[in-house]
């Protein structure tokens, strides 16, 4: 399995108990999708290694308590602190205004008047307020990802229509004129 064919699910943070269980802290808004996991891929030395699940239980809403089939102490120890991935095809399809961040890379952001606000080149989700990083005519533009601002997601034409606050893009246009 190649990493580019997978998505990040979370991280194995620690052991749980004395019988080889581990805690998987999931990075998801919908942990209920993962109630019936049969296997996961753990990144070890740059490779995705399959781990088959024997038992699974919730520790907290976004935390799973896992026991692996045929696991050894060494295998459990090797999984601690490692990132966990699943194949893209296991993602449930989303519709309407919901989207996965990886699926909208390359989408155009349009305002209510269909004006181009830029093309999504990446999304920063490492801080509390997630934001789109856009390319607008060679300039980097940042727009917060706020659910109430998203009016439509058009997957066929690859654009997201947003209610962009008045003056937000002007800041970038003014600064880009100063740079010239």
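Things worth noting here:
- Each Cα pair under 8 Å and six or more residues apart adds its separation to the average, and for the chain the resulting relative contact order is 17 percent.
- Spin-label model distance (nm) - residue 72 vs residue 125, 7 Å beyond Cα toward Cβ: 3.6 nm
- Volume of the convex hull of region 101-179 (Cα atoms only), normalised per residue: 97 Å³.
- Computed over region 101-179: relative contact order in percent, which uses C-alpha pairs under 8 Å that are six or more apart: 26 percent
- Each stretch of four or more DSSP H residues adds -39500 (n - 2.57); spread over every residue of the chain, this sum gives -3000 deg cm²/dmol at 222 nm.
- Size descriptors for region 3-89 (Cα atoms only): Rg and Dmax, in that order, 11.8, 35 Å.
- For the chain: span of alpha carbons on each principal axis (Å, largest first): 62, 34, 28
- If you take the Cα centroid of region 131-159 and the Cα centroid of region 29-82, the two points sit 34 Å apart.
Laboratory data are not the source of any read-out in this text; all were calculated from the coordinates shown. These numbers come from a predicted model, not from an experiment. Cβ atoms come from the backbone with ideal geometry, glycine included; neighbour counts cover every protein chain shown.
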